[in-house]
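K.L.:
Dropping the structure in here first, questions after.
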Amino acid sequence: MKRFLTISQGTRRGAMRRLSDRLQSRARIRGTRFARDEDGAMIIFGVMLFGLILAISGLSFDLMRYEAHRERLQATLDRAVLAAASLTQTLDPATVVLDYFAKAGMSNYIDASNINVVAGVNFRRVEATAHIHVPLHHGTFTVFTGEGSSNNTLIAEATSIAQESIGNVEISLVLDVSGSMNRYNRLTNLKAAAKGFIDTIYDASEAGAVSTSIIPYATQVNAGEVLLSYFNRRDSHEHSHCINFQSPDFASTSISTLTELEQTVHFDPWTDENNTYGFDLGDPLPYPVCPGEAHREILPWSGNRTALKNYIDALTATGNTSTDIGMKWGAALIDPSLQPVLAGMIASGDVDGNLVGRPFTYADDDALKIVVVMTDGAHTSQYYMDQNRTGDSFVWRYEEGGVVHYSIWWDGTGSTPITNPSGSYTYCDDWNNGSCEDWDTGTDPEFWFHARSYDGISNTYSWRSAPYGGANAVRMDWNDVWAEIPPEYFSDEVLWRMGSLSSGERNAYENSVDYVGKSTKDSRFDTVCSAVKANDAIIFSIGLEVTSDNATRLRNCASSASHYYDVDNLDIDLAFQSIASAINQLRLIQ
């Protein structure tokens, strides 16, 4: 008997729903598990990161190549425009730039149209732009490309501007013209070197841009009549124009126009009774400490190269060495304390008006102040008159037919150092020339000793009762006496021939001469060099065949060891040219 399982329609439907629910539930569980499953996620991230690293590395490599090319381009361009801007460069500036690029194998990166040259009398400015195309090897990076670049090429650009110019330059040229400069053509070589220096400086300057003062020095420095007239002088005279500075004066670069300065007596400390230098009474002084010739005076604040070179050509050498005084004046002529002096000389027409405002202040960034000092030896004695400097002397002067007659007066009261003659001819035997004549014999007689200058035959010495020339004879100031008769010659020749003077009385006049020695002058020089450098002025020093001790002093004076030149005679031109080139320095301004 067959049995059948009968399932109702409702029962079947319920079973189907339950089965469907179970299947959906399982599907939801599997989906949730799948969504939450992280297996393999790092692999995907790593692939993405690796791709990014490759991209950045490629970009970095291209950018490094780009920067290397750009730096090379910029360096080449900088060198090229610097050379082209040099005022000593005689070639066309654009040609110079193009030649630099050709020699660097970079001719394709610059064109003449990209070079701009602007030149003036005292300056040259060169501006140039160059480009180099740098291909990209690792993709396209348009975001990094500059103007004119493509998607696969970067363009590196370099721009450079160089300018050589001399702005406001003030130069003091302190030159040794002592007697030793006559040896071995030293003065001749100095003249050529100094003139070349002037040409180099003024070739690179426009009118009014550079002022040069030339200070020749030996035993002393003659400032000249016009320049010295602006200063307050003690014992002033017009025979010559030197100043006896004191040690404290060298601590400053300035020279006051108000403080009283001791003017140097115009005298010859070397000529004596032995006529060592062929001197005869009435002759010009052979070797005054302060030579009065125009070519031995300071040439202050000139911008005229012809005048400067002509002045240098006229220099002569004689006397001792006082580099300290040369440096003192060299420092003063770039010091702003002398602005009123220069202004006065402009007003009087003695200095060109385009130099108005000089010497500029030390704070003026557009003013370059230079002192160039040269010497061929160490300091030697600087002579000066310590006594009998000024005031009435006991000497009268009368000139007749071109012959000068000097009469020495004694009034019988002992107010002058001349002993009263005894009334006889006792002293005639002591006179080498002339004759003795009687004199007045009153209660207060006057006695005159006549000393006539050499007239081509002999000197005449004699006693008279009146000065030669009578009322027309002129009493001399001591300054005037020493301007015509050397003190030692006066003591041991003229006064000695009177016969009535003791050696002490005679020697009083030659002993009026004193001197400043080497040790003091060395110290003064060191001091003024320090004062110049303290004001940020630049010192170049030149030692021409000097000793090691003097070389050390000059080196210490210079702004640095590289500012000192120790040269042989024939190399002095190289020193001056090197200094001129240093002054005409190039400035890379961009």
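K.L.:
Around ASP568, with a cut-off of 15 angstrom between Cβ atoms, what is the net charge of the other residues, counting Lys and Arg +1 and Asp and Glu -1? Please report the intermediate quantities before stating the final value.
P.N.:
Working: positive: ARG183, ARG186; negative: ASP376, GLU545, ASP566, ASP571, ASP573.
Residues close to ASP568 contribute a combined charge of -3.
K.L.:
Can you compute the modelled spin-label distance between SER581 and ASP365, with each label point 7 Å from Cα toward Cβ, in nm?
P.N.:
2.9 nm
K.L.:
Assuming R0 = 25 Å, can you tell me the calculated FRET efficiency for the pair ARG475 and SER236, based on Cβ-Cβ distance, to the nearest 0.05?
P.N.:
After rounding to 0.05, the efficiency reads 0.85.
K.L.:
Once you've got the Cα coordinates, tell me which of LYS191/LYS521; LYS191/LYS328; LYS103/LYS369; LYS195/LYS328 are over 28 Å apart. Can you show the working numbers first?
P.N.:
Values: LYS191/LYS521 26 Å; LYS191/LYS328 22 Å; LYS103/LYS369 39 Å; LYS195/LYS328 23 Å.
Listed pairs above 28 Å: LYS103/LYS369.
K.L.:
Multiplying the sequence separation of ALA307 and ALA251 by 0.36 nm and subtracting their Cα-Cα distance, what value in nm do you get?
P.N.:
On the way: separation 56, 0.36 × 56 = 20.16 nm, distance 3.21 nm.
Taking ALA307 through ALA251 to full extension adds about 17.0 nm, to one decimal.
K.L.:
Subtract the Cα-Cα distance of TYR184 and GLU400 from 0.36 nm times their separation in residues, and report this length gain in nm to one decimal. Present the calculation step by step, with values, prior to reporting the outcome.
P.N.:
Numbers: separation 216, 0.36 × 216 = 77.76 nm, distance 4.38 nm.
Separation in residues times 0.36 nm, less the Cα-Cα distance, equals 73.4 nm.
K.L.:
Where in segment 221-241 does the amide nitrogen come within less than 13 Å of the point 7 Å from the Cα of LEU258, taken along Cα to Cβ?
P.N.:
Zone members listed by number: 232.
K.L.:
To continue, here is another question. Please give me the summed charge of the neighbours of ARG186: other residues whose Cβ is under 11 Å from its Cβ, Lys and Arg +1, Asp and Glu -1.
P.N.:
Values: positive: ARG183, LYS191; negative: ASP176, ASP376, GLU545, ASP568.
Net charge in that neighbourhood comes out at -2.
K.L.:
Taking the Cβ of GLU493 as the center, what net charge do the other residues with Cβ under 11 Å away carry, scoring Lys and Arg +1 and Asp and Glu -1? Intermediate results must be reported in sequence, preceding the final value.
P.N.:
Details: positive: ARG497, ARG506; negative: ASP272, GLU273, ASP280, GLU488, ASP492, GLU510.
Overall, the nearby charge balance is -4.
K.L.:
Follow-up question, since we're still on this one. How far is it, in nm, from the label point at ASN274 to the one at SER229 when both lie 7 Å from their Cα along the line to the Cβ?
P.N.:
So the two model labels end up 4.3 nm from each other.
K.L.:
List every residue whose amide H lies under 5 Å from the amide H of ILE542, counting only residues 5 or more places away in sequence or on a different chain, with H placed 1.01 Å from N in the peptide plane.
P.N.:
The answer is VAL373, MET374, THR375, TYR565.
K.L.:
Per residue, how much accessible area does segment 236-389 show when a 1.4 Å probe rolls over the protein heavy atoms, in square angstrom? Each step should come with its number before you reach the end.
P.N.:
Values: 5680 Å² over 154 residues.
Dividing the accessible area of segment 236-389 by its residue count gives 37 Å².
K.L.:
Moving to a separate point now. Probe 1.4 Å, all protein chains in place: accessible area of THR95 in Å², nearest 10?
P.N.:
Approximately 80 Å² of THR95 is accessible to the 1.4 Å probe.
K.L.:
Further question: What span do the alpha-carbon atoms of segment 217-331 cover on each of the three principal axes, reported in whole Å from largest to smallest?
P.N.:
Ordered largest first, segment 217-331 gives principal extents of 42, 35, 23 Å.
K.L.:
If you wrap a convex hull around the alpha carbons of segment 146-279, what volume per residue comes out, as a whole number of Å³? Each step should come with its number before you reach the end.
P.N.:
Numbers: hull volume 33.1 nm³, N = 134.
Measuring per residue, one finds 247 Å³ for the Cα hull of segment 146-279.
K.L.:
Treat each spin label as a single point 7 Å out from the Cα along the C-beta direction, and report the ARG79 to THR153 distance in nm.
P.N.:
My value for the distance between the label points is 2.6 nm.
The values are calculated or read from the model by the stated rules, or taken from the named source; none is laboratory data. Since the structure is predicted, the reported quantities are computational estimates derived from the model, not experimental observations. Heads up, the Cβs are rebuilt from the backbone with ideal geometry, glycines too, and the neighbour counts pull from every protein chain shown. Only protein heavy atoms, including side chains, enter the accessible area calculation; ligands, DNA and RNA are left aside. Shrake-Rupley method; radii C 1.70, N 1.55, O 1.52, S 1.80 Å.
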